[in-house]
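Asks: Have a look at this one.
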Amino acid sequence: MNASGVALIADDDEFFRIALGFILKSKLHFNEIIETGTLDEAIERLSERDDVSLALFDLAMPGMQSVASLAAVRDVRPDLKVAVVSASSRRSDILSALREGINGYVPKGLGATDLAEAVRAILHGSVYVPPSIAGRVSPAEEAEPPARVWEDPKGSHRTIEFLTPRQREVLQLLVQGLSNKEIARKLKLGEGTVKIHMAALFRSLRVRNRQEAAAAGARLLPMTESRPHG
């Protein structure tokens with residue numbers, strides 16, 4: 001399969017982005033690679049380009065606290081192949097990504113040929129899982145808590161450290177009652193970007209709609225942030 005398309009690599013390691021971009025171009029025939037170093041930047045670039053067919057994300061880059069954000073990208077762009085390329089081989093990380101409907105989990109430790117074959121399988125519609133998923137789970141991994149998520153709407157001691165800086169800004173404006181269009185104008189973003197951030201907020205906060213998200217935000221955000229301006 002010749003991809004002959006556009007791929008996005010989101011990883012804060014510049015040298016790895018260069019190496020992975022070379023593999024995508026030379027072995028999978030992508031003709032353009034978009035590189036970003038943070039989750040927020042990746043989401044903004046994806047909302048600007050509707051011709052991206054593959055997006056590869058590192059789990060350890062700035063802004064990435066939970067794969068829920070990647071699931072939100074899939075919610076808004078169901079045609080996009082979304083996969084994790086990570087140095088982590090922990091079973092818990094792999095299972096967490098698969099539970100969120102990600103198209104594959106590719107270890108960074110693979111050689112260039114194997115990595116290309118893994119991505120090719122994803123492009124063909126398969127869900128790639130590293131062989132280690134079939135291995136035994138260590139007691140430490142079994143007991144490991146899930147990624148930081150906000151579970152109790154009535155909790156008074158939760159924090160919002162699991163939100164990216166941009167998601168926090170969007171939540172602040174949502175609490176103030178602004179529409180997606182108004183939020184986009186206020187933050188100088190495209191409406192598509194705000195839509196992805198909103199979907200990520202719903203998943204991270206585990207709420208179903210804007211009203212529940214606003215109520216959760218009013219409890220989580222400091223009063224100085226959530227209070228309407230003016």
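Asks: Can you work out which of the residues in the range 79-93 that are out of contact with any Asp or Glu (no Cβ under 7 Å at 6 or more places or on another chain), open to solvent by 10 Å² or more (accessible area, probe 1.4 Å) and not in a strand (DSSP E or B) is modelled with the lowest pLDDT?
Replies: Looking at the filtered set, the residue picked out is SER89.
Asks: Do we find that ARG91 is of a type in the set (Lys, Arg) and under 24 Å from THR193 (Cα atoms) in this structure?
Replies: In short, no.
Asks: Mind checking whether some residue in the range 41-51 is touching a residue at least 12 places away in the same chain (Cβ under 8 Å), under 21 Å from VAL6 (Cα atoms) and not in a helix (DSSP H, G or I)?
Replies: Yes; the residues of the range 41-51 include at least one that is touching a residue at least 12 places away in the same chain (Cβ under 8 Å), under 21 Å from VAL6 (Cα atoms) and not in a helix (DSSP H, G or I).
Asks: Still on this structure, please answer the following. If I filter the range 157-213 down to residues being at positive phi and among the charged types (D, E, K, R), which single residue comes out as surrounded by the fewest Cβ atoms within 10 Å (Cβ to Cβ)?
Replies: LYS188
Asks: While we're here: Can you tell me which residue is surrounded by the fewest Cβ atoms within 10 Å (Cβ to Cβ) among those in the range 94-120 that are assigned to a helix (DSSP H, G or I) and among the hydroxyl-bearing types (Ser, Thr, Tyr)?
Replies: THR113
Asks: Being under 17 Å from SER69 (Cβ atoms) and either touching a residue at least 24 places away in the same chain (Cβ under 8 Å) or more than 20 Å from the chain's Cα centre (by Cα) (or both) is the filter here, so list the residues in the range 169-182 that pass it.
Replies: If the condition is that a residue be under 17 Å from SER69 (Cβ atoms) and either touching a residue at least 24 places away in the same chain (Cβ under 8 Å) or more than 20 Å from the chain's Cα centre (by Cα) (or both), then VAL170, LEU171, LEU174 are the ones that fit.
Asks: Let me ask you something else. Being closer than 23 Å to MET64 by Cβ, at pLDDT 90 or above, open to solvent by less than 50 Å² (accessible area, probe 1.4 Å) and out of contact with any strand residue (DSSP E or B) (no Cβ under 8 Å at 6 or more places or on another chain) is the requirement here; does LEU123 meet it?
Replies: So LEU123 fails the test.
Asks: Quick one: would you say VAL76 is within 18 Å of ILE43 (Cβ to Cβ), surrounded by fewer than 21 Cβ atoms within 10 Å (Cβ to Cβ) and either of a type in the set (Val, Ile, Thr) or out of contact with any Asp or Glu (no Cβ under 8 Å at 6 or more places or on another chain) (or both)?
Replies: Taking the combined requirement at face value, the residue satisfies it.
The values are calculated or read from the model by the stated rules, or taken from the named source; none is laboratory data. Treat the numbers as computed from the prediction; the structure is a model and nothing was measured. FYI the Cβ positions are ideal-geometry reconstructions off the backbone, even for glycines, and counts take in every protein chain you see. The accessibility values were calculated without ligands, DNA or RNA, using every heavy atom of the protein model including side chains. Shrake-Rupley method; radii C 1.70, N 1.55, O 1.52, S 1.80 Å.
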